[in-house]
1. Could you tell me which of the residues VAL83, VAL73, VAL128, VAL110 is in a strand (DSSP E or B) and more than 11 Å from the chain's Cα centre (by Cα)?
2. Considering only residues of region 46-69 that are part of a strand (DSSP E or B), more than 15 Å from the ligand (Cβ to nearest atom) and of a type outside the set (Lys, Arg), which is nearest to ALA129 (Cα to Cα)?
3. Tally the residues that are of a type in the set (Gly, Ala, Ser) and within 16 Å of the ligand (Cβ to nearest atom), restricting the search to region 105-124.
4. Which residues, counting only those in region 75-98, are more than 10 Å from the ligand (Cβ to nearest atom), in contact (Cβ under 8 Å) with a residue 24 or more places away in the chain and surrounded by fewer than 16 Cβ atoms within 10 Å (Cβ to Cβ)?
5. Given (1) within 14 Å of the ligand (Cβ to nearest atom); (2) aliphatic (A, V, I, L, M); (3) under 23 Å from ALA48 (Cα atoms), where does LEU102 come up short, assuming only one miss?
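The values are calculated or read from the model by the stated rules, or taken from the named source; none is laboratory data. Fair warning: this is a prediction, and the values are worked out from it, not measured in the lab. All Cβ positions, even for glycine, are placed from backbone atoms using ideal geometry, and neighbour counts span all protein chains on display.
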Amino acid sequence: MLKRSAKRFLMAAALLAAGMDSPVWAQSDQPAPADPCGLKIQAPWVRATVPGQRGTGAFMRLTASQSCRLMAVQTPIAGVAQVHRMTMKDGVMHMRALESALPLPAGQTVTLAPGGLHLMLMDLKQPVAAGAPVPITLTVQNQQTGARGQITLDAPVRALDADSAGAAPGGKMTRGMMS
Ligand SMILES: [Cu+2]
């Protein structure tokens, strides 16, 4: 008798576990919402490259209507895409990848611009030239719901010196700093 009820208990536990699993499976079958952040993307652009250049920057303004984070960046033209921050140290501009996801506070515009925060596209698979827009996919996560989504945008390419008005002094990204 004891043996049988123990067996029954295990079966019940297994059924319960299966029952708990099924909503997870059902969820994963549904496509993720494209944009759980109400993200507004303004004035995106990518800096054109010169021959031999292996990396470049992408810039835009991001305004999420809900509290979100930018989790990842992808583009088919680059092997690696990261969010970078530029800082001035001893009169020299340095840049490095953010150590955690970029916060997109609700209703606040986060500016990715030359000389500051930017998207760094590295291991370029092809030259970046004016004419063909660059598709960029942003993976964002809603901080309240945990929902993730991906938004793909087409960023026009602009010439190397197109940003001179907005760049900080000495803020040009050089090949040496990117490698
Ligand atoms: Cu960079």
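1. It is VAL110.
2. That would be LEU62.
3. Number satisfying all stated conditions: 3.
4. Selection gives PRO76, GLY79, VAL80, MET88, GLY91, VAL92.
5. Tallying (1) within 14 Å of the ligand (Cβ to nearest atom); (2) aliphatic (A, V, I, L, M); (3) under 23 Å from ALA48 (Cα atoms), LEU102 fails exactly one: (3).
Residues checked against (1) surrounded by fewer than 15 Cβ atoms within 10 Å (Cβ to Cβ); (2) more than 14 Å from PHE59 (Cβ to Cβ); (3) modelled with pLDDT of 50 or more; (4) of a type in the set (Lys, Arg):
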residue: VAL128; (1), (2), (3), (4): no, no, yes, no
residue: GLN144; (1), (2), (3), (4): yes, yes, yes, no
residue: ALA159; (1), (2), (3), (4): yes, no, yes, no
residue: SER164; (1), (2), (3), (4): yes, no, no, no
residue: GLY171; (1), (2), (3), (4): no, no, no, no
